[in-house]
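Report on the following structure.
The values are calculated or read from the model by the stated rules, or taken from the named source; none is laboratory data. Just so it is clear, the structure is predicted and the values come from calculations on it, not from any experiment. Cβ atoms come from the backbone with ideal geometry, glycine included; neighbour counts cover every protein chain shown. Areas reflect the complete protein model, heavy atoms only, side chains present, ligands, DNA and RNA absent. Shrake-Rupley method; radii C 1.70, N 1.55, O 1.52, S 1.80 Å.
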Amino acid sequence: MDREPLTAEYLQQCEYRARKFAGAYTGTSGSLAADVLRLLAEVRRLKVEAAYRDERKDYAAAGGS
């Protein structure tokens, strides 16, 4: 099953909607919005980590140390 990548634009839209709900609602909706914000932060961290890993791999393949 092919999945579309999570584009920066899509993640930004998700964050906008989650921030909107996190501040406006309490209870389940507010909790879920806060959870989405934490998950988006983790996705961002993992994407940066993967980019650094790929960059190091490319550098090593090019003969770098």
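Residues in region 1-32 that are among the hydroxyl-bearing types (Ser, Thr, Tyr) and over 14 Å from residue 43 (Cβ atoms) were compared, and the one that is most open to solvent (accessible area, probe 1.4 Å) is 16. Taking the criterion of being open to solvent by less than 70 Å² (accessible area, probe 1.4 Å) and in contact with a helix residue (DSSP H, G or I) (Cβ under 7 Å, 6 or more places away or on another chain), would at least one residue in region 44-62 satisfy it? Within region 44-62, not a single residue is open to solvent by less than 70 Å² (accessible area, probe 1.4 Å) and in contact with a helix residue (DSSP H, G or I) (Cβ under 7 Å, 6 or more places away or on another chain).
Looking for whichever is without any contact (Cβ under 8 Å) to a residue 40 or more places away in the chain and farther than 20 Å from residue 5 by Cβ here; the options are 18, 60. Which one fits? Can you show your working first?
Values: 18 fails: farther than 20 Å from residue 5 by Cβ.
That would be 60, the only listed residue that is without any contact (Cβ under 8 Å) to a residue 40 or more places away in the chain and farther than 20 Å from residue 5 by Cβ.
Return the only residue of 60, 50, 33, 22 being at pLDDT 90 or above and assigned to a helix (DSSP H, G or I). Being at pLDDT 90 or above and assigned to a helix (DSSP H, G or I) holds for just one of 60, 50, 33, 22, which is 50.
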